[in-house]
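What follows is a short report on a single structure.
The values are calculated or read from the model by the stated rules, or taken from the named source; none is laboratory data. In this text, all values refer to a predicted model and were calculated from it rather than measured experimentally. Please note: Cβ atoms are built from the backbone with ideal geometry, for glycine as well, and neighbour counts cover all protein chains shown. Note: areas computed on protein heavy atoms with side chains; ligands, DNA, RNA excluded. Shrake-Rupley method; radii C 1.70, N 1.55, O 1.52, S 1.80 Å.
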Amino acid sequence: VDPMQLVRRRLFEADAELARVVLPEFALVRGDAGWTVTPERDGLSQDDVNRLADDWRHATATRVDQATARRALATIRIHLKNGPAIDLDMVQRDPALVLRHRGLEVEYTFPAASARRLLTAPGAAPR
């Protein structure tokens, strides 16, 4: 059996509580009043921000492979409410998003549509 078949495709356990998602261009921060985006953006709906936070919490790859030595294009840091921060190296953005989980030494591959949802700040035009 290929050991990669035993690795779950979800980035986080089902009961994981995200506290902060720090991306190269913006951050999602969970406070007492809910999720916010920094830097702040005018005309942003709370539903859009919550949807993005949920997209991260439920992020599921189409494929998981052993980590490669590719250079990181950027780093995404996920802070869990009751746990350590998780560093994800973005090693590919197009045509699919590939995130390398430093702690597990695996790479998660997401389709282009997932990449747009996960990497685009609410209220910003998708890349």
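For the chain, the residue among 7, 84, 52 whose Cα projects farthest onto the positive side of the dipole built from Cβ charges is 7.
Projected label points at residue 32 and residue 63, each 7 Å from Cα along the beta carbon direction, are separated by 4.7 nanometres. Positive end of the dipole of the stretch 7-79 (Cβ unit charges, origin at the Cα centre): among 29, 75, 43, the Cα lying farthest that way belongs to 75.
The simple spin-label model puts a point 7 Å past each Cα toward its Cβ; for residue 51 and residue 105 those points are separated by 4.0 nm.
Our helix-only sum for the chain, with -39,500 (n - 2.57) per DSSP H run of n ≥ 4 divided by its residues, gives a mean residue ellipticity at 222 nm of -4500 deg cm²/dmol. Shown for the chain: the carbon plus sulfur share of the solvent-accessible area, taken with all protein chains present and a 1.4 angstrom probe, equals 48%.
On full extension, the segment bounded by residue 75 and residue 40 gains 10.5 nm, given 0.36 nm per residue less the C-alpha separation. Note on residue 99: accessible area is roughly 0 Å² with a 1.4 Å probe, heavy atoms of protein only.
For the chain, the square roots a ≥ b ≥ c of the C-alpha gyration tensor eigenvalues yield an a/c of 1.5 or more together with a/b exceeding b/c, which makes the shape prolate. In the chain, the longest principal axis of the Cα atoms and the axis of helix 46-57 are about 10 degrees apart. Taking θ as phi - 60° and the Karplus parameters 6.51, -1.76 and 1.60, the scalar couplings of the stretch 15-24 work out to 9, 5, 10, 6, 10, 7, 10, 9, 9, x Hz in sequence order, x denoting glycine and proline.
Annotation: per residue accessible area for the stretch 1-119 equals 58 Å², rounded to a whole number [probe 1.4 Å, protein chains only]. For residue 10, the residues whose modelled amide H falls within less than 5 Å of its own, excluding neighbours fewer than 5 places apart on the same chain, are 61.
Here residue 116 and residue 82 are evaluated by their C-beta separation; at R0 = 35 Å the FRET efficiency comes out at 0.70.
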